[in-house]
Structures are given as structure tokens and as C-alpha cells.
Amino acid sequence: MTVGEHRPSEGPIVTVDGPAGSGKSSTAKAVARVLGYRHLDSGALYRALTLALLQEGIATDRWPDVSEEFLRALDVDMRPTDEAFSVWVGSRVVDSELRTEEVTDHVSHLARLPAVRGCLLDLQRRAGASGRLVADGRDMGTVVFPHAEVKVYLVADVAERARRRLLQEGAPTGGEADLALQIETITDRDRRDSERDISPLRKADDAHEIDTTRLDFQDQVAAVVTLVRRLTIS
Ligand code: DC
């Protein structure tokens, strides 16, 4: 067991993985609230590192050459709050800046780099050191918390995921062209996330798959909470 890895005696860890737009983050956050656990949005860390590199003015074609040591010096950190974690770059808390188009466009290129994954692994494991955590991302159940008590893998049809993303962005969802473009963007991101060599998006062998295509949000949350209660209350 490496430093910061979760010890089962300390309280359950629930992992929620899945592709873009499957409802991971919103579901994980709501599930954490119902259970009184803390929520870890691991994607926010990849976004924070992307933001930090952009702010440093490092040209994107040089990102693959950046060392883990250099990335650590960018000082991306996380601190527990009552319900989740605040994300820091240096002395600043970052939040809305993490969701800009520029960050979203670059983050999946960064997320496939081994130095990046190495840099963020300990940080994520430390968040789980005392258990009672709902962690969402792409490799929570496979790599970061392989001993998690409950692993969930959310899936949904790509058209439904595209519709949800447009809704989230406040964009009109009725236009065929907007939807087609969003489907293309999501398919592209799924491909990059699943085909990368390191920590690809994949369902852990012991994960429970939930298809959310036809579930409304409350049912989605209830399905995960029921699963957690069934698997953790002995
Ligand atoms: O969930 P999100 O859209 O905030 O994730 C941003 C990017 O980070 C996405 O391209 C996948 C990547 N990511 C990852 O590779 N591993 C994680 N555990 C979380 C996110």
C-alpha cells in the first residue's frame, strides 16, 4: 500500500467513473451530500494544472516535455471544505476559471501525460485517506482507489450526454446542428480519454454499471445511494 492509499477501516470510499456528460460530477456531489461524505471532483485537478500551464505561458506543444518536478512546482493543491475540496493554484482558489472553453479544449491533451498523472495521484489519494469520500473521474475505481468499497460506472447514450452538456452550458438543445456538433466533441473526448495508454477511461472489473440515459437526476442519485447503503451497511 503506498502513502495516502485508502485503508478500509477508515470509512468507505465510493468511486463514480464514466464518460463526459454521463452525470458523474453532479451525481457524485448529490450522493456525497445525502451520505454526509466529502465530494472529490478529480477532473478539477486536471483542469487546474491545465490552467496553471496556460497562465505560465507554456506553449501547448511543449507540454509533453514538461517534467513531474516542474508540474509540482506549479503548486496545484486541494484543501478540504465542509462538503468537498477547494482547488488552489499557488495562493489562489480557482473555481469558475476551471470551466472556460480554453481549459476544456486543452485538458484532455494534458490528462494523457504520465508526468501529469504521477503529479496528481498522491494529491487524490490524500483526499481519500480518511474515507467517507465520493470521488468522481475517469480512473477513480481502476487506479486511484482500487480498494474502494463501492465502485460505480455511469454510462448514457452519446446523444443524451450531448443534450445534457448543452443544457449545462445554457445553450439551446433543440437545434440539430448544435446537437450534432456537441456529439462530435464528446465522441472525440471519449476517444482521447479511452484510448490513451495511461489510466484510460474504463470500467473497473468490480464496478456496478448504471445506465442513466432514461433516468432523471433524482433517480440516478437514489440508485447510487441505495447501492452504497446495500454494500456498506453490514
Ligand atoms: O470531468 P471533467 O470534464 O472535469 O474532466 C476534465 C478532463 O480531465 C477530461 O478530459 C478527462 C480528464 N480526467 C482524467 O483523465 N482523469 C480523471 N480522474 C478526471 C478527469
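The values are calculated or read from the model by the stated rules, or taken from the named source; none is laboratory data. Note that the structure is predicted; figures quoted are calculated from it, not measured. Heads up, the Cβs are rebuilt from the backbone with ideal geometry, glycines too, and the neighbour counts pull from every protein chain shown.
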| message | Checking the condition over 20 Å from His109 (Cα atoms) and in contact with a His (Cβ under 9 Å, 6 or more places away or on another chain), which residue from Arg92, Arg33, Arg79 passes? | response | Arg33
| said: Kindly evaluate Val116 against the criterion of being over 13 Å from the mean Cα position of the chain (by Cα), in contact (Cβ under 8 Å) with a residue 40 or more places away in the chain and either within 15 Å of the ligand (Cβ to nearest atom) or assigned to a loop (DSSP other than H, G, I, E, B) (or both). | reply: yes
| said: For region 119-169, give me the residue count where each residue is free of Cβ contacts under 8 Å to residues at least 12 places away in the same chain and of a type in the set (Asp, Glu). | reply: 1
| query | How many residues does region 13-35 hold that are surrounded by fewer than 20 Cβ atoms within 10 Å (Cβ to Cβ) and aliphatic (A, V, I, L, M)? | reply | 2
| Which number in (1) within 15 Å of the ligand (Cβ to nearest atom); (2) in a helix (DSSP H, G or I) marks the one condition that Gln218 misses? | (1)
| remark: How many residues of region 56-67 are surrounded by 15 or more Cβ atoms within 10 Å (Cβ to Cβ) and part of a helix (DSSP H, G or I)? The answer is 1
| task | Name the single residue, out of those in region 69-113 being closer than 24 Å to Asp190 by Cβ and in a loop (DSSP other than H, G, I, E, B), that is nearest to the ligand (Cβ to nearest atom). | result | Ala111
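Has region 195-208 got at least one residue that is within 16 Å of the ligand (Cβ to nearest atom), part of a helix (DSSP H, G or I) and either over 14 Å from Arg161 (Cβ atoms) or among the aromatic types (Phe, Trp, Tyr) (or both)?
Checked against the condition, which is being within 16 Å of the ligand (Cβ to nearest atom), part of a helix (DSSP H, G or I) and either over 14 Å from Arg161 (Cβ atoms) or among the aromatic types (Phe, Trp, Tyr) (or both), region 195-208 yields at least one hit.
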| remark: Taking region 156-194 and keeping residues farther than 21 Å from Val107 by Cβ, at pLDDT 90 or above and assigned to a helix (DSSP H, G or I) leaves Ala159, Glu160, Arg163, Leu179, Ala180
| If you take the residues of region 25-51 that are away from the ligand (no atom under 14 Å from the Cβ) and outside any loop (DSSP other than H, G, I, E, B), which of them is farthest from Arg165 (Cα to Cα)? | Leu35
| said: Can you tell me which condition Arg189 does not meet? The list is (1) under 15 Å from Gly23 (Cβ atoms); (2) in contact with a Ser or Thr (Cβ under 6 Å, 6 or more places away or on another chain); (3) of a type in the set (D, E, K, R), and all the others hold. | reply: (1)
| remark: If we ask which residues in region 121-147 are within 13 Å of the ligand (Cβ to nearest atom), of a type in the set (A, V, I, L, M, F, W, C) and surrounded by fewer than 24 Cβ atoms within 10 Å (Cβ to Cβ), their number turns out to be 3
